[in-house]
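The values are calculated or read from the model by the stated rules, or taken from the named source; none is laboratory data. Values in this document were obtained by computation on a predicted structure and should not be read as measured data. In this analysis, Cβ positions are derived from the backbone assuming ideal geometry, glycine residues included, and neighbour counts consider all displayed protein chains. Please note that ligands, DNA and RNA were not included when accessible areas were found on the heavy atoms of the full protein model with its side chains. Shrake-Rupley method; radii C 1.70, N 1.55, O 1.52, S 1.80 Å.
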Amino acid sequence: METVRPCGCKGIRSCLICETEYEISKPDLKNELQKYKSYIYCPYCDKLSPGWDIDEYKKHPYHGGNLIAYPGVYIKLDFLKKDEAEVLMKALDDLPWEASQSGRRKQNFGPKCNFKKRKLQLGSFNGFPKTTRFVQEKFKEIPLLHDFKTVEQCSLEYDPERGASIDPHIDDCWIWGERIVTVNVLGDSVLTITPYNGPITRYNLDCVSLYDSILGKDMCSETQPLDIDDNMVIRLPMPAKSLMVLYGPARYKWEHSVLRQDVTSRRICLAYRELTPPYLENGEHREKASEILKQASLFW
C-alpha cells in the first residue's frame, strides 16, 4: 500500500492505527513461528535450550533439555545502572522524536546512505547528543567492542498501543560493519531470529566476502554447530538496561525481528552501527568516509 500515512508507515509496513483505518491485514508472524522448533538463549551460560518463553533463561543453571552452543551473540545484563538508564531516558525524551514505520518513533544521528545504489553522504550529520556520550564511553568496558567506532546512533521507541514491531531483516552489509550493537534502555523485550536462505544480493550480503574480518577468525568462525533448517527459531532476551551485540554467524546468517506480541510496554533502545573495513583507516574507500568519521567524533 503506497498511500501516505500520517502514522509513519509505508509500503508493506503497518501499525495498529493504519491497519484499522485502511483495513490492512497483517500476517501473524508469531503464530507462524510457534509452529517451528524454538530455542532460548541464556546470557549466563552462552547456550541455547529448547523453548519459546523467554523467562526460561532466568532459571539458569536449571535449563531443560540439552544445551547447544550458538556463536555470534553477546549479551551484557545490567550494562546500564538504574540511575544511568533514568538519566538517559530523560535525555532522549528531551530530544524530538520522528514518526517511523511499524508503530515506532525514532531519533537518527548518522550519515545519509543509499543502500541500493551503495552511495554514502555526510548529509546533515554533525555528531551525537552529548547527553548520550557516556553510553559510547561505556563500550570501552566490553572487550568485544574494542576499537568500535560509532558512526550511527539511532534511538527507537516501540509503542505497544500502536502494535510496534520490526519485520525480519539483516542490517545492510555494504556499509554497516561486523558488530550490530543495541542498548536496551527501557522495557523488556525479545529479539527473534530465524535462518536466512535468500539471495546473497539482498541486504548487500555479497559485500561481506570482499573484506577481511576485523574481529579475527576465532570470533567469526564459519563453523556452525546447529543443525540449521528453515523451521528453526531462536529467542534472545533483551531486558531493560542490557546490551546486545550480534556478530559473525548471528550477524550474517540469520534475520532478526521484534514481534508485536513481545512489546508489552514502552520500549526504548539505542542502535549503534560501525562502518565496514573498506571505509575505515587503510580501506580502499577511506577517503569517502573521512569527513563522516570526523563528525562521528563530535558531541553537541
Q.
Please report the carbon-and-sulfur percent of the accessible area for the chain; probe 1.4 Å, protein heavy atoms only, DNA, RNA and ligands left out.
A. 49
Q. Rolling a 1.4 angstrom probe over the protein heavy atoms, how many square angstrom per residue are accessible across the stretch 58-210?
A. 49
**Q.** Distance (nanometres) between label positions extended 7 Å along Cα→Cβ at Lys288 and Lys116
**A.** 1.8
Q | J(HN,Hα) series, the stretch 82-94, from Karplus relation 6.51 cos²θ - 1.76 cosθ + 1.60, nearest Hz, glycine and proline x | A | 4, 5, 5, 5, 5, 5, 5, 4, 5, 4, 5, 6, 7
**Q.** Amide H contacts of Glu255 (H built 1.01 Å from N, under 5 Å, at least 5 apart or other chain)
**A.** Thr194, Tyr196
Q. Which order do Trp174, Trp97 take by accessible area at a 1.4 Å probe, largest first?
A. Trp97, Trp174
Q) Out of Val233, Cys45, Ile292, whose Cα points farthest toward the positive end of the dipole of the chain (charges: +1 Lys, Arg; -1 Asp, Glu; placed on Cβ)? A) Ile292
**Q.** Max mean-square fluctuation residue, GNM over the chain, Cα-Cα springs under 10 Å, options Pro199, Pro249, Pro129
**A.** Pro199
Q. Of Lys140/Lys294; Lys35/Lys138; Lys119/Lys253; Lys26/Lys116; Lys117/Lys294, which sit over 28 Å apart, Cα to Cα?
A. Lys35/Lys138
Q | Label assignment, log10 I(q)/I(0) by the Debye sum over Cα atoms at q = 0.08, 0.13, 0.16 Å⁻¹ derived from the structure, set [x] -0.30, -0.83, -1.31; [y] -0.40, -0.97, -1.32; [z] -0.35, -0.99, -1.57 | A | [z]
Q | ³J(HN,Hα) computed for each position of the stretch 176-186 - Karplus, 6.51 cos²θ - 1.76 cosθ + 1.60, integer Hz, glycine/proline x | A | 8, x, 6, 10, 9, 10, 10, 10, 8, 8, 9
Q.
At 222 nm, what value in deg cm²/dmol follows for the chain if DSSP H runs of at least 4 each add -39500 (n - 2.57) and the sum is divided by all its residues, to the nearest 500?
A. -4000 deg cm²/dmol
Q) Taking amide H positions as placed 1.01 Å from N in the peptide plane, with prolines and chain starts having none, which residues 5 or more places from Val185, or on another chain, fall under 5 Å of its amide H? A) Lys241, Ile268, Cys269, Leu270
Q: For Lys47, go through the aspartates and glutamates and keep the ones whose alpha-carbon is under 14 Å away, minus same-chain ones fewer than eight residues off.
A: Glu56
**Q.** Dipole magnitude (debye, nearest 20) for the stretch 1-147, charges at Cβ of Lys, Arg, Asp, Glu
**A.** 660
Q. Non-local amide H neighbours of Ala164 (under 5 Å, H modeled in plane, Pro and chain starts lacking H): which ones?
A. Asp159
Q | Vicinal HN-Hα couplings computed from phi for the stretch 134-143 (Karplus, 6.51 cos²θ - 1.76 cosθ + 1.60; Hz; Gly/Pro x) | A | 4, 5, 5, 5, 5, 4, 5, 6, 10, x
Q: Could you point to the residue in Tyr57, Cys7, Met244 farthest towards the positive end of the chain's charge dipole, with +1 and -1 charges on the Cβ of Lys/Arg and Asp/Glu respectively?
A: Cys7
